[in-house]
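The values are calculated or read from the model by the stated rules, or taken from the named source; none is laboratory data. Remember, it's a predicted structure, so these values are computed and weren't measured experimentally. Glycine gets a Cβ as well: all are built from the backbone with ideal geometry, and neighbour counts include every protein chain shown.
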Amino acid sequence: MAKGERKAGGKPPAPADGAVDRIPGGDAPAGGFVQLLTPDGEHLGSVTTADGTTYSVDFTDEEYRGFYRDLVTVRRLDAEATALQRQGELGIWASLLGQEAAQVGSGRALRQQDMAFPTYREHGVLYCRGIDPIMPFGLFRGVDQGGWDANEHKFNGYTIVIGSQTLHATGYAMGVTMDGKTGSPDGEAVIAYFGDGATSQGEVNESFVWAGVFNAPMVFFCQNNQYAISEPLERQTRIPLYRRAAGYGFPGIRIDGNDVLASYAVTRAALDNARNGQGPTLIEAYTYRMGAHTSSDDPTRYRIASEVESWKAKDPIARVKAFLAKQQVADADFFAEVDETARKLALDLRERVLAMPDPQPVTMFDHVYPNSSPEVDAQRKAFDEYHASFEGSGH
Amino acid sequence: MAETITLGKALNHGLRRALENDPKVVIMGEDVGKLGGVFRITDGLQKDFGEDRVIDTPLAEAGIIGTAVGLAIRGYRPVCEIQFDGFVFPAYNQIVAQVAKMFYRSKGKVRVPMVIRIPFGGGIGAVEHHSESPEAYFSHTPGLKVVSCANPADAYTMIQQAINSDDPVVFFEPKRRYWEKGEVELEAPLSGAYPLHAARVLRPGTDATLLAYGPMVRVALDAAAAAAEDGRNLEVIDLRTLSPVDYPAIFESVRRTGRAVVVHEAPGNLGIGAELAARITEECFYSLEAPVLRVTGYDIPYPAARVEEDFLPDLDRVLDAVDRSFGW
């Protein structure tokens, strides 16, 4: 068995500490991270971690351009959503600004049959699943609570209570095993998204215990964006988050979360390990939330401008653009076309968001139970009669 | 043919039948496998159905319920055991914020057909956290259905009906009645069984209505037998379903008798009895001869075992309330 290769089935692999020998770019956190594309747009080809695993990507020019297109598109749609919120058309928006590479890389690493459990910020993953980007806007506009079919889209509902979804992902992954859908290259895998703040939640730690004990076919994808609203990482942990995995008995690895290629390569490998029966992996995507926590937040109260500036130099999109230009596989026309296409998508999104009708008030009584409840039914009827009693009521 | 078995054994038979009838049913909880549960409700099931269907979980209640949600999304029908009433609270977030809301949040597209079994109530001489009655917390939560069985026959059918239901059901088991025996028709088809969400008149009467559920049903029946010696003919209703409450059955009875006494172990303040009193007053005002009275646990933490008999409603306290109702 070659170094770094993992055998399907049998005992889970020994925990790796995910340390990286090389620290490309010189700007990685202590202990390093997996990086394949530097902030300057230099493609490193491959990187080998301390446990001997080698990560590499080798895409066609068209595929590299595709990554760029997705990154630009999800940022543009996000900007449109922020604008819609500022204009009073959304009640709130949780921006992904700065986290595009973590989301597009991991989102593209998912295979068709894989299942994702997002927080409320994974708009980029949603987009990469081929889902209409308008899907979560009902939630943010306040016309519903999400309302989509997790199984149809292989993308669970946005979960707002921090960390709760990691247990759902783990249970779902146990079900994958029980269905006999692991242990082969076309098996299924599950990915759970969460942030640095969530790692303090008991439920996230319980999900680590469960996933380890049951060898669940899943990837814990932590976007460490350095802040849980206002609280910095130091308030959540004494050790780098990826190293937590060792205590639960599965591999943990840190990646440059602003490097879409590293995000893709490491997530794809971890998902494939999971589907092959080798159990869970924790990936810490080291990134930065460039915007506010949500549109209701004011980050100037808790972080300094120079910090934000230093992260701008590590922008996840600029480095892909630099790489494409350096490789001469994309020209000004291409970049302009991508911008224009994204702008049109954003405009289309805006128009459809503005056209979202408010729900009929009586629909608030819908879908409380799969089987009806006489109490809810009676209240719905009383509600209807009360409103109908007003002259000229539309009810 | 009817067999005479304990309430605990009736639950065991019901779970067994559910596992036999639907390969998607899985049982999960602490010590439910080899040990068969601390009350032996799952006794022998792992041996017969395997470790994938009767799952000994890590010791973490949020984990039990949270992973069950994921299994339910995947298409399974998890039956979760919470070992004791007082241990459900680590799972409270998952039950109230996730289990109860998944169907609503998804506009009816995601179902989580789960059963959460909770042995509840006191009277077994236990230490703290082993004798509580947390049913009101869950009955207050839209999206959950809440039931409680009081005898072996109901235990057998209700656990199967709860598992078959696509609604998430919190299933309260009267732990101090686990060893009480009764006749159970083990071969009877479930389709002909009494509905899950319906109250049942266990003793017809004319003078007052006693309303109880779970462990207090036995107390209410004993009180009615004692009252009969004084010439009072009390009707006893086993509520069986706490969310939704079967109000039509209750209103029909109270309109006939003109008096209602609610009995439960849980503290009275904002409990099931408070809601019943309010609703009966709203709906049966002109039939009432006296206010709806409550006989409940006191508004204190569950006390030490040596004094629990003074905390729990008993026959004398129920009869005292009946006297007060008649003296109004």
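Scanning segment A:209-224 for residues that are surrounded by 24 or more Cβ atoms within 10 Å (Cβ to Cβ) and touching a Phe, Trp or Tyr at 6+ places or on another chain (Cβ under 9 Å), which turns out farthest from the other protein chains (Cβ to nearest Cβ)? Let's see the steps before the verdict.
Let us first name the residues in segment A:209-224 that are surrounded by 24 or more Cβ atoms within 10 Å (Cβ to Cβ), namely A:210-211, A:216-224.
Still in the running and touching a Phe, Trp or Tyr at 6+ places or on another chain (Cβ under 9 Å): A:211, A:216, A:218, A:220-224.
Working: A:Ala211: 9, A:Ala216: 9, A:Met218: 10, A:Phe220: 14, A:Phe221: 16, A:Cys222: 17, A:Gln223: 20, A:Asn224: 22 Å.
Among those residues, the one meeting the criterion is A:Asn224.
Name every residue in segment B:228-244 that is buried (at least 20 other Cβ atoms within 10 Å of the Cβ), among the hydrophobic types (A, V, I, L, M, F, W, C) and over 8 Å from B:Ala199 (Cα atoms), in order of residue number.
B:Leu234, B:Val236, B:Leu242
Looking at B:Gly231 and the list (1) outside the structural domain of B:Val26 (by TED's automatic domain parsing); (2) on the phi < 0 side of the Ramachandran plot, which single condition is not satisfied?
With (1) outside the structural domain of B:Val26 (by TED's automatic domain parsing); (2) on the phi < 0 side of the Ramachandran plot applied to B:Gly231, the lone miss is (2).
To keep it simple, each residue is scored yes or no on (1) within 14 Å of another protein chain (Cβ to nearest Cβ); (2) touching a residue at least 40 places away in the same chain (Cβ under 8 Å); (3) over 17 Å from A:Gly138 (Cα atoms); (4) not in a helix (DSSP H, G or I).
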| residue | (1), (2), (3), (4) |
| --- | --- |
| A:Asp333 | no, no, yes, no |
| A:Ala342 | no, yes, yes, no |
| A:Ala346 | no, yes, no, no |
| A:Val353 | no, yes, no, no |
| A:Pro370 | yes, no, yes, yes |
| A:Lys381 | no, no, yes, no |
| A:Asp384 | no, no, yes, no |
| A:Phe390 | no, no, yes, yes |
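Would you say A:Ala192 is within 11 Å of chain B (Cβ to nearest Cβ) and assigned to a strand (DSSP E or B)?
Details: within 11 Å of chain B (Cβ to nearest Cβ): yes; assigned to a strand (DSSP E or B): yes.
Against the criterion (within 11 Å of chain B (Cβ to nearest Cβ) and assigned to a strand (DSSP E or B)), A:Ala192 qualifies.
Given the criterion more than 7 Å from chain A (Cβ to nearest Cβ), free of Cβ contacts under 8 Å to residues at least 60 places away in the same chain and closer than 19 Å to B:Val26 by Cβ, identify the matching residue among B:Val88, B:Val112, B:Val79.
When all the criteria are applied, what remains is B:Val112.
Among helices (runs of 4 or more DSSP H) lying entirely in segment B:235-314, which contain 3 or more residues that are on the phi > 0 side of the Ramachandran plot and assigned by TED's automatic domain parsing to the domain that holds B:Phe172? Even if it seems obvious, please write down each step before you answer.
Details: elements: B:247-257, B:272-284, B:308-311.
Ranges flagged: none.
Which numbered condition trips up B:Asn93, out of (1) surrounded by fewer than 23 Cβ atoms within 10 Å (Cβ to Cβ); (2) within 21 Å of the chain's Cα centre (by Cα); (3) under 15 Å from B:Val169 (Cβ atoms); (4) within 7 Å of another protein chain (Cβ to nearest Cβ)?
(3)
Is there a residue in segment A:96-111 that is in a loop (DSSP other than H, G, I, E, B), more than 20 Å from A:His293 (Cα to Cα), in contact (Cβ under 8 Å) with a residue 12 or more places away in the chain and within 14 Å of chain B (Cβ to nearest Cβ)? Please lay out each step first, then the result.
Of segment A:96-111, the ones in a loop (DSSP other than H, G, I, E, B) are A:96-99, A:110-111.
With the extra rule that they be more than 20 Å from A:His293 (Cα to Cα), the set shrinks to A:110-111.
With in contact (Cβ under 8 Å) with a residue 12 or more places away in the chain added as a condition, the list becomes A:110-111.
Narrowing further to those that are within 14 Å of chain B (Cβ to nearest Cβ): none.
The answer is no, given that none of the residues of segment A:96-111 is in a loop (DSSP other than H, G, I, E, B), more than 20 Å from A:His293 (Cα to Cα), in contact (Cβ under 8 Å) with a residue 12 or more places away in the chain and within 14 Å of chain B (Cβ to nearest Cβ).
Yes or no, residue by residue, for (1) of a type in the set (Asp, Glu); (2) without any contact (Cβ under 8 Å) to a residue 24 or more places away in the chain; (3) farther than 18 Å from A:Gly107 by Cβ; (4) within 14 Å of chain B (Cβ to nearest Cβ):
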{"site": "A:Phe155", "(1), (2), (3), (4)": "no, no, no, yes"}
{"site": "A:Tyr172", "(1), (2), (3), (4)": "no, no, no, yes"}
{"site": "A:Asp179", "(1), (2), (3), (4)": "yes, yes, yes, yes"}
{"site": "A:Asp196", "(1), (2), (3), (4)": "yes, no, yes, no"}
{"site": "A:Ala228", "(1), (2), (3), (4)": "no, no, yes, no"}
{"site": "A:Ala246", "(1), (2), (3), (4)": "no, no, yes, no"}
{"site": "A:Gly249", "(1), (2), (3), (4)": "no, no, yes, yes"}
{"site": "A:Gly257", "(1), (2), (3), (4)": "no, no, no, no"}
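Can you tell which of B:Val219, B:Val169, B:Val147 is within 14 Å of chain A (Cβ to nearest Cβ) and closer than 20 Å to B:Gly122 by Cα?
Values: B:Val219 fails: within 14 Å of chain A (Cβ to nearest Cβ); B:Val169 fails: closer than 20 Å to B:Gly122 by Cα.
None of the other options fit; the residue is B:Val147.
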